[in-house]
Amino acid sequence: MITPPELFKSLADETRARATLLIVEHGELCVCELMCALADSQPKISRHLAQLRGAGVLLDRRQGQWVYYRINPQLPAWIHQVLAVTRHTNAGWLQADNARLANMDGRPARAVCC
């Protein structure tokens with residue numbers, strides 16, 4: 001089980017915090033969507049997603065050439081609450097990220113996740 005220090009350490013980086021909150025908001029996102037939303041490179045985004053996955057915050061699934069990330073549903077309720085409140089009360093912080101994502105060309109179609 002993830003402890004509060006482990007959670008907050010995993011979210012202490014701005015890229016990881018933004019990626020996590022975007023995933024909370026959208027349900028799941030692939031690397032290319034996060035690259036567009038965060039205006040950052042694939043290696044950097046993938047590295048941060050791997051850290052979040054390693055901490056148990058995220059799960060991934062492959063659909064064709066895409067790898068999608070979602071919040072681990074097995075996380076304790078308090079973590080889901082912290083993430084939901086943080087996303088809800090900081091919508092302005094993610095506004096530019098969401099605008100870039102909304103305007104993304106060639107956004108992959110996704111099948112309904114598990």
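The values are calculated or read from the model by the stated rules, or taken from the named source; none is laboratory data. Computed from a predicted structure; not experimentally measured. Glycine also receives a Cβ, built like all others from the backbone with ideal geometry; neighbour counts cover every protein chain displayed. The area values use the complete protein model at the heavy-atom level, side chains included, leaving out ligands, DNA and RNA. Shrake-Rupley method; radii C 1.70, N 1.55, O 1.52, S 1.80 Å.
Would you mind calculating the relative contact order of the chain from Cα pairs under 8 angstrom and at least 6 residues apart, reporting the percent as a whole number?
32
Who wins for biggest fluctuation among Val24, Val82, Val57 in a Gaussian network model of the chain, springs between alpha carbons below 10 Å?
Of the options given, Val82 has the highest mean-square fluctuation.
How big is the chain along each principal axis, measuring the range of its Cα positions in Å and listing the largest first?
38, 31, 26
Could you check the spin-label model distance between Ala50 and Ala91? Points 7 Å from the Cα along Cα→Cβ, value in nm.
My value for the distance between the label points is 3.6 nm.
Tally up the carbon and sulfur contribution to the accessible surface of the stretch 1-107 as a whole percent, 1.4 Å probe, everything protein left in place.
Numbers: 3050 of 5670 Å².
After summing per-atom areas, the C and S share lands at 54 percent.
With only Lys, Arg, Asp and Glu charged, each at its Cβ (+1 for the first two, -1 for the last two), find how big the charge dipole of the chain is about the Cα centre; round to the nearest 20 debye. Don't skip to the end; give the middle numbers.
Working: 13 positive and 10 negative charges, 41 e Å.
Computed charge dipole of the chain: roughly 200 debye.
Write down the accessible area per residue of the chain in Å², having rolled a 1.4 Å probe over the full set of protein chains.
Working: 6220 Å² over 114 residues.
Here the per-residue accessible area is 55 Å².
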